[in-house]
Amino acid sequence: MTEDGFDLGPRRHPRRMSLTPMIDVVFLLLIFFMLSSRFGMDAVLPIAGGAEGAASEWQGPPRLVDVAPDSISLNGVPTDPDELVAALQALMPEDGGAVVLRARDDADLQQMVDVMDRLSAGGLSNLILIE
């Protein structure tokens, strides 16, 4: 018996905690995140910002396309989306030129991308996006 009245036997040293399970979990998480991430190129939209387009000299009549949630207008005149490319090509100078795109009245990104795809398919690739 000891002074306290209990005999617990010889004092044992506490066991060291094993790090092997924690290392296993870390490697499993590493493998999971490596396999679940994407390793590809995202789609890129070729556009110029307003500052880049301002450096070059403007040629020909204005070509401002306003994209609103329910309509598209060219130079302030409402235009059918199917006729937009033809109307713009009539305004383009011979050596090509830029088309300025502007989102109006909370138009969403998908509407802008649709107009940009329509213009690119029509051969108008020099697009400038402004606020």
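Report whether or not Pro10 is modelled with pLDDT of 80 or more, in a loop (DSSP other than H, G, I, E, B), open to solvent by less than 100 Å² (accessible area, probe 1.4 Å) and not β-branched (Val, Ile, Thr).
Numbers: modelled with pLDDT of 80 or more: yes; in a loop (DSSP other than H, G, I, E, B): yes; open to solvent by less than 100 Å² (accessible area, probe 1.4 Å): no; not β-branched (Val, Ile, Thr): yes.
It is false that Pro10 is modelled with pLDDT of 80 or more, in a loop (DSSP other than H, G, I, E, B), open to solvent by less than 100 Å² (accessible area, probe 1.4 Å) and not β-branched (Val, Ile, Thr).
Could you please give the count of residues in the stretch 29-39 that are open to solvent by 100 Å² or more (accessible area, probe 1.4 Å) and assigned to a helix (DSSP H, G or I)?
Within the stretch 29-39, residues that are open to solvent by 100 Å² or more (accessible area, probe 1.4 Å) and assigned to a helix (DSSP H, G or I) number 4.
Would you mention how many residues in the stretch 82-119 are under 16 Å from Ala68 (Cβ atoms) and among the charged types (D, E, K, R)?
7
Are there any strands (runs of 3 or more DSSP E) wholly within the stretch 40-131 with 1 or more residues that are modelled with pLDDT of 90 or more and open to solvent by 60 Å² or more (accessible area, probe 1.4 Å), and if so which?
Numbers: elements: 64-67, 72-74, 77-79, 99-103, 127-130.
Output list reads 77-79.
Output the residue which, of all residues in the stretch 17-28 that are part of a helix (DSSP H, G or I) and open to solvent by 90 Å² or more (accessible area, probe 1.4 Å), is modelled with the lowest pLDDT. Give the derivation first.
We begin by selecting, within the stretch 17-28, every residue part of a helix (DSSP H, G or I); these are 20-28.
Now restrict to residues that are open to solvent by 90 Å² or more (accessible area, probe 1.4 Å): 22, 27-28.
Working: Met22: 93, Phe27: 96, Leu28: 96.
The extreme case among them is Met22.
The values are calculated or read from the model by the stated rules, or taken from the named source; none is laboratory data. As the structure is a prediction and not an experimental result, all values here were calculated from the model. Ideal geometry is used to build each Cβ from the backbone, glycine not excepted, and the neighbour counts take in all protein chains shown. We work out accessible area using only protein heavy atoms, side chains counted, and drop any ligands, DNA or RNA first. Shrake-Rupley method; radii C 1.70, N 1.55, O 1.52, S 1.80 Å.
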